[in-house]
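Chemist: Sharing a structure below in structure tokens format, with a few things to ask.
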Amino acid sequence: MLSIKNIVKEYAKHRALDDVSMEIEQGTIFGLLGPNGAGKTSLIRIINQITAPDSGEIFFNGEKLAPKHISKIGYLPEERGLYKKMEIGEQMLYLAQLKGLSRAEATKRIKFWFEKMEIQSWWKKKVEDLSKGMQQKVQFIATVLHQPDLIILDEPFSGFDPVNAAVIKDEILELNKNGATIIFSTHRMESVEELCQHIALIHKSHKILDGSLKSIKNAYRNNTFKVGLAHDLSDVTLQTAYLLASQENDEQTVHTLKLKEGFAVNNLLQELIPISSISSLEEVIPSVNEIFIKTVKD
Amino acid sequence: MNKVLLIIQREYLSRVKKKSFLLLTFLVPSLFIGMYVAIFFIYKHNDDNAKRFHVIDESGIFQNQFKDQKNLSFDYPQHSYGEAKKTARKHKDVFILHISPDFEKTGNVEIIGEKKPGIALLSDVENQMEDILRNKKLLAAGIDTAVLNNTKSKVNINAKQLTDEGEKDASVGATYAVGFLGAFLIYLALFIYGAQVMRGVIEEKTSRIVEVIVSSVKPFQLMLGKILGIGAVGLTQFLLWILLSTGLSAIGTNMLSSGDKDAVKTELKDTKNDLKAETSVQKGDAAKQFFKAAETINFTFIISTFIFYFIGGYLLYSALFAAVGSAVDSETETQQFMLPITLPLIFTFILGMNVVVNNPDSSLSFWLSVIPFTSPIAMMIRIPFGVPDWQLALSAILLIAGFVFTTWVASRIYRVGILMHGKKITYKELAKWFSYKE
């Protein structure tokens, strides 16, 4: 869908993107992560052709990115807003027409979306009369109105209450199911876990991590397990694992154990069975948040 | 291009639909006309009440010497000053002119009445008394006033201009007025509509809609659309003003000219009062001359050059205003960048009103009227006086080149500026933005 190849972007003395490449597959929800100032917005602006890279290329469905692709991309910027004094309906029509829709087609689709979101009565309202959450909803609709193949959402959930955030999340999933590829830039890692199939991490102008969510999580597994036992292991020295932590509950003690080199989880179980009854066993898989913080710190 | 049209449409309609636009469009011409009418009526109304003077002349110099004028008559009652005062109380428009017996030594004269006499009335009486005294003194010196009147000469210069169509009245007053008006309107318009462009840019930047829009159109298209849209608003406003004021003043002129006929009639009746009548005829002549002269000015030419210089000057300056708007986060921050924009405008306006008007063909006037930053104002002043074709062409070409240049410079600053937030911007920063690649 989108091939980003060796993008370099420099501002005066600051290099915002240094040789960044990534592949975004058709139909995925792609998480673009990174701390503030890492270069995410620079990259997104280049994909949107708001700015041009100093070197490197981007291909959209195999074609070199060109102005004609603008109508196939929907962009919800992090810093977003609307004309305060303009009526919602007129404003949506304007934005949709700028994306290349005819006035008639745009009207039809706006009506469809307004019904779907149950906001038909907003047509004649002015933006300044709406709450922030309502404005965000309108803005989201404006982003997807022209049925773009690629939707770029920068912090789409900021400003939403939990109920509306859930509504928007469902809409994102539905758009994705209907074939749209979604680039999702955020700091909210729990939403990344819920939505993304693929993530890339940008830090200090470099891409430092890229892959499917599953494979990245697998890569960050470090043979650590949480084992619930009837007995406390603090006095026991295990042959197969190190005890990292233990936490006493009502009926069991949960031990965090890291396997020693050359042992598998079954070896650990074999060693534990004679010592105590086992009530639970669970592998510790790092959350995206942990991976994020770990990689950025390293 | 289609997208630029959409932007122009939005910028235009969102402003023209505003109540403030309608208000300004109708208010400005009606205010002018209203003022005109008000002055006319006040002037006319003042003349209405006839005033009568009882002259109590205890010095004997002025007895039967005053001449009756329009709305002003004199009589010489035989009763004393005290008695006259009593009768004056009863009549509103009666004044007592009391000249004391020792007038020749002290010059003391009193006017007493129920109302305060107006300044015009006082000066009329004063003039008459001075004339009477002068005549008396001249006679006493043995000079005949008839001879003296013959020595008064009247000079009236009629400036004529040699043109292809023969001699034309070089109506200096009217030319001055037309040039001044054109220059003043352009000066005003550049500020008003330039500031609107700037405010529009700041609005888009602070409301953060700009990033959504530049993901659909190029920043340059957005800037151009805004500039052209607001320019169209300006032109619409001017056209409406011209239409409205010509309409209203046509009605006004009708009213005035019917009033004039009355005036002529009374003048004919009062031929005796030649002194006053003569001056008013002279005034009428000057006005007629002015209008006759105004007719010699080629208004189609002036209006079309006005529109050209308005559009050219507006494009040149509004691009700079847009660049300033893009560089700041709020209107209060614009000050530091406004000086280079406002300075040439104010500078030209002041020079134009003082130098160009008095010396439209001097080399300073020439340079001011060809340099693009100053030409919209300076040339408007010069045009009614007549400008050689080659100078006009040079000025027009340079103005077009000028706005292409400023638009190019401004757009390079604009494209970076609109996406910058929360940073205090310096001139150095602007220069850096300018040199950024795409």
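Chemist: Given the residues B:K86, B:K92, B:K115, B:K105, which is the only one that is out of contact with any Lys or Arg (no Cβ under 9 Å at 6 or more places or on another chain), more than 24 Å from B:D131 (Cβ to Cβ) and either in contact (Cβ under 8 Å) with a residue 12 or more places away in the chain or not in a strand (DSSP E or B) (or both)? Break it down stepwise before answering.
Modeler: Numbers: B:K92 fails: out of contact with any Lys or Arg (no Cβ under 9 Å at 6 or more places or on another chain); B:K115 fails: out of contact with any Lys or Arg (no Cβ under 9 Å at 6 or more places or on another chain); B:K105 fails: more than 24 Å from B:D131 (Cβ to Cβ).
From the options B:K86, B:K92, B:K115, B:K105, the qualifying one is B:K86.
The rows are residues; the columns are (1) surrounded by 15 or more Cβ atoms within 10 Å (Cβ to Cβ); (2) within 14 Å of chain A (Cβ to nearest Cβ); (3) in contact with an Asp or Glu (Cβ under 9 Å, 6 or more places away or on another chain).
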{"position": "B:L351", "(1), (2), (3)": "yes, no, no"}
{"position": "B:S363", "(1), (2), (3)": "no, no, no"}
{"position": "B:R412", "(1), (2), (3)": "yes, yes, no"}
{"position": "B:S435", "(1), (2), (3)": "no, yes, no"}
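Chemist: Still on this model: If we keep just the residues of the stretch B:197-227 that are among the polar types (S, T, N, Q) and out of contact with any strand residue (DSSP E or B) (no Cβ under 7 Å at 6 or more places or on another chain), which is farthest from the other protein chains (Cβ to nearest Cβ)?
Modeler: So the first thing to find is which residues in the stretch B:197-227 are among the polar types (S, T, N, Q), and the list is B:206-207, B:215-216, B:221.
Subset that is out of contact with any strand residue (DSSP E or B) (no Cβ under 7 Å at 6 or more places or on another chain): B:206-207, B:216, B:221.
Details: B:T206: 8, B:S207: 4, B:S216: 4, B:Q221: 10 Å.
Only one residue fits best here, namely B:Q221.
Chemist: While we're on this one: State whether the residues of the stretch A:61-70 include one that is over 30 Å from A:K297 (Cβ atoms), away from every other protein chain (no Cβ under 13 Å), out of contact with any strand residue (DSSP E or B) (no Cβ under 7 Å at 6 or more places or on another chain) and among the acidic types (D, E).
Modeler: Yes: the stretch A:61-70 contains one or more residues that are over 30 Å from A:K297 (Cβ atoms), away from every other protein chain (no Cβ under 13 Å), out of contact with any strand residue (DSSP E or B) (no Cβ under 7 Å at 6 or more places or on another chain) and among the acidic types (D, E).
Chemist: Which pairs do you get when a residue that is touching a residue at least 12 places away in the same chain (Cβ under 8 Å), found in the stretch A:147-176, comes within reach of a residue that is among the charged types (D, E, K, R) and in a loop (DSSP other than H, G, I, E, B), reach meaning Cβ atoms under 7 angstrom, with the pair 6+ apart or on two chains?
Modeler: A:D154/A:E78; A:E155/A:E78; A:F157/A:R188
Chemist: Continuing with this model, one more query. One residue is enough: does the stretch A:50-59 have a residue meeting the conditions in the same structural domain as A:T181 (by the TED database), crowded, with 16+ Cβ neighbours inside 10 Å, at pLDDT 90 or above and of a type in the set (F, W, Y)?
Modeler: No - not one qualifying residue is present in the stretch A:50-59.
Chemist: So which strands (runs of 3 or more DSSP E) are wholly in the stretch A:189-290 and hold at least 3 residues that are at negative phi, at pLDDT 85 or above and outside the structural domain of A:E171 (by the TED database)?
Modeler: Numbers: elements: A:198-203, A:206-212, A:224-229, A:241-248, A:253-259, A:278-283.
Because the criterion is at least 3 residues that are at negative phi, at pLDDT 85 or above and outside the structural domain of A:E171 (by the TED database), the strands (runs of 3 or more DSSP E) in the stretch A:189-290 that meet it are A:224-229, A:241-248, A:253-259, A:278-283.
Chemist: While we're here: List every residue pair whose Cβ atoms lie under 9 Å apart, where the two residues are 6 or more positions apart in sequence or sit on different chains, the first residue falls within the stretch B:228-251 and is not assigned by TED's automatic domain parsing to the domain that holds B:L185, and the second residue, located anywhere, is among the aliphatic types (A, V, I, L, M) and surrounded by fewer than 17 Cβ atoms within 10 Å (Cβ to Cβ).
Modeler: Correct list of pairs: empty, since none qualify.
Chemist: Quick one: how many residues across the stretch A:157-184 are surrounded by 14 or more Cβ atoms within 10 Å (Cβ to Cβ) and of a type outside the set (A, V, I, L, M)?
Modeler: 10
Chemist: In the stretch B:1-45, which residues are free of Cβ contacts under 8 Å to residues at least 12 places away in the same chain and of a type in the set (G, A, S)?
Modeler: Listed by number, the residues that qualify are B:S14, B:S20, B:G34, B:A38.
Chemist: For B:S20, are the conditions met, namely being assigned to a helix (DSSP H, G or I) and within 14 Å of chain A (Cβ to nearest Cβ)?
Modeler: Working: assigned to a helix (DSSP H, G or I): yes; within 14 Å of chain A (Cβ to nearest Cβ): yes.
Judged against the criteria, B:S20 is a match.
Matching residues to (1) surrounded by 16 or more Cβ atoms within 10 Å (Cβ to Cβ); (2) modelled with pLDDT of 90 or more:
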{"position": "A:R109", "(1), (2)": "yes, yes"}
{"position": "A:Q120", "(1), (2)": "no, no"}
{"position": "A:M134", "(1), (2)": "yes, no"}
{"position": "A:I141", "(1), (2)": "yes, yes"}
{"position": "A:Q147", "(1), (2)": "yes, yes"}
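Chemist: Shifting gears a bit: Kindly indicate whether A:P53 is closer than 16 Å to A:P148 by Cα and within 11 Å of chain B (Cβ to nearest Cβ).
Modeler: Details: closer than 16 Å to A:P148 by Cα: no; within 11 Å of chain B (Cβ to nearest Cβ): yes.
No; evaluated as a whole, the condition is false for this residue.
Chemist: Taking the condition of being part of a loop (DSSP other than H, G, I, E, B), surrounded by 14 or more Cβ atoms within 10 Å (Cβ to Cβ) and either within 23 Å of the chain's Cα centre (by Cα) or within 9 Å of chain B (Cβ to nearest Cβ) (or both), how many residues in the stretch A:71-106 meet it?
Modeler: 11
Chemist: Right, here's the next one. Out of the stretch A:201-223, which residues are closer than 13 Å to A:S21 by Cα and aliphatic (A, V, I, L, M)? Let's see the steps before the verdict.
Modeler: So the first thing to find is which residues in the stretch A:201-223 are closer than 13 Å to A:S21 by Cα, and the list is A:201-202, A:205-211.
A:L201, A:I202, A:I208, A:L209, listed by residue number.
Chemist: Examine the stretch A:203-215 for a residue that is closer than 30 Å to A:K9 by Cα, in contact with a Cys (Cβ under 9 Å, 6 or more places away or on another chain), surrounded by 13 or more Cβ atoms within 10 Å (Cβ to Cβ) and in contact (Cβ under 8 Å) with a residue 40 or more places away in the chain, and state whether such a residue exists.
Modeler: Yes.
Chemist: Now for a separate question. Being under 18 Å from B:Q128 (Cα atoms) and in contact with a helix residue (DSSP H, G or I) (Cβ under 8 Å, 6 or more places away or on another chain) is the filter here, so list the residues in the stretch B:58-93 that pass it. Break it down stepwise before answering.
Modeler: So the first thing to find is which residues in the stretch B:58-93 are under 18 Å from B:Q128 (Cα atoms), and the list is B:58-76.
Result: B:E58, B:S59, B:I61, B:F62, B:Q65, B:F66, B:K67, B:Q69, B:K70, B:L72.
Chemist: Looking at the stretch A:4-49 only, could you name the residues that are surrounded by fewer than 16 Cβ atoms within 10 Å (Cβ to Cβ), polar (S, T, N, Q) and either over 20 Å from A:K68 (Cα atoms) or over 17 Å from the mean Cα position of the chain (by Cα) (or both)?
Modeler: Matches in the stretch A:4-49: A:N6, A:S21, A:N36.
Chemist: Something else: Among the candidates B:V387, B:V370, B:V356, B:V328, which residue alone is closer than 30 Å to B:V210 by Cα and assigned by TED's automatic domain parsing to the domain that holds B:T206? Spell out how you get there, then give the answer.
Modeler: Numbers: B:V387 fails: closer than 30 Å to B:V210 by Cα; B:V370 fails: closer than 30 Å to B:V210 by Cα; B:V356 fails: closer than 30 Å to B:V210 by Cα.
Answer to the selection: B:V328.
The values are calculated or read from the model by the stated rules, or taken from the named source; none is laboratory data. Treat the numbers as computed from the prediction; the structure is a model and nothing was measured. Please note: Cβ atoms are built from the backbone with ideal geometry, for glycine as well, and neighbour counts cover all protein chains shown.
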